[in-house]
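The values are calculated or read from the model by the stated rules, or taken from the named source; none is laboratory data. Bear in mind that the values here come from a model prediction, so they are computed numbers and not experimental data. In this analysis, Cβ positions are derived from the backbone assuming ideal geometry, glycine residues included, and neighbour counts consider all displayed protein chains. The protein model used for the area step is the full one, side chains on, heavy atoms only, and it has no ligands, DNA or RNA in it. Shrake-Rupley method; radii C 1.70, N 1.55, O 1.52, S 1.80 Å.
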Amino acid sequence: MGLKEKLQADLTDAIRARDEVKSGTVRMLLTAITNEEVAGKTAKVLTDAEIITVLSRESKKRREAVDAYTEAKRDDLANKEKAEGLIIAQYLPEQLSETEIKKMIADAIAETNAAGPAGMGLVMKVLQPKIAGKADGGLVSGLVKAALAQ
C-alpha cells in the first residue's frame, strides 16, 4: 500500500470514528497531493518520495503557523495547528537528530572535498537525497554553513 492509499484509508477510518481533526488534516493532505499532481502542463502520479516532500512542506507550514499564532497570543489556533502537525508527522519518516545530521554533513564534506562557503552547493547536493523528509532544510543549511566556516 502506497502512502496516498494509506492516507485515503485513514481518511475513511477518521470519518467513521468522527475524528474531525484527523479527517480534516488528512483531507487537506490529500488535497495538497492532488494539487501537486495536476500542477504543470501534464498531470502525473506522485511517487511516495514526492508525496513525502509535499507532506514535509505542509508540516513546515504548520510549524510556522504555530510560531505566528503563539506570537500573536492566539493559543486556540496554535493548538489546532500543533494537532495537525502531529497528525502529519505520523506519515513522515522518523526525523534525524542533530548529531546524525552533523555526521552526514561531515561525510558529505569529506566526499566532496568542499571548503568554505563556495562548497555549500556541492555538500547540499550530496545531502539532499539522504535527508529528504527526514530533516528541516533550514536546519541542515545552517549546520552546513557552520561546518564549512570552520
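Listing for the model above:
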quantity	calculated
Given 16 as the ceiling on other Cβ atoms within 10 Å, longest exposed-site-free region of the chain for trypsin sites (Lys or Arg not before Pro) in DSSP loops	75-150
Inter-label distance, nm, simple model (7 Å from Cα along the C-beta direction), LEU139/LEU30	3.0 nm
Part-to-part distance (alpha-carbon centres) for the stretch 1-31 and the stretch 121-150, which is given in Å	32 Å
Intensity falloff of the chain expressed as log10 I(q)/I(0), Debye formula with alpha-carbon point scatterers, at q = 0.11, 0.17 Å⁻¹	-0.54, -1.03
Flagged links, alpha-carbon separation over 28 Å, of LYS22/LYS61; LYS22/LYS102; LYS6/LYS73; LYS44/LYS102	LYS22/LYS102; LYS6/LYS73; LYS44/LYS102
Dipole moment magnitude, nearest 20 debye, the chain about Cα centre, only Lys, Arg, Asp, Glu C-beta charged	220 debye
With every protein chain in place, the stretch 8-150: carbon and sulfur % of accessible area (1.4 Å)	55 percent
FRET efficiency estimate (nearest 0.05) - Cβ-Cβ, ASP76 to GLU98, R0 35 angstrom	0.65
Length released on extending from LEU86 to ASP13, taking residue separation times 0.36 nm less the Cα-Cα span	24.6 nm
GluC sites (Glu not before Pro) within the stretch 73-133: DSSP coil, no more than 15 neighbouring Cβ in 10 Å	GLU94
Probe 1.4 Å, accessible area per residue of the chain, Å²	63 Å²
14 Å tail of the calculated P(r), the stretch 62-150, as % of Cα pairs	67 percent
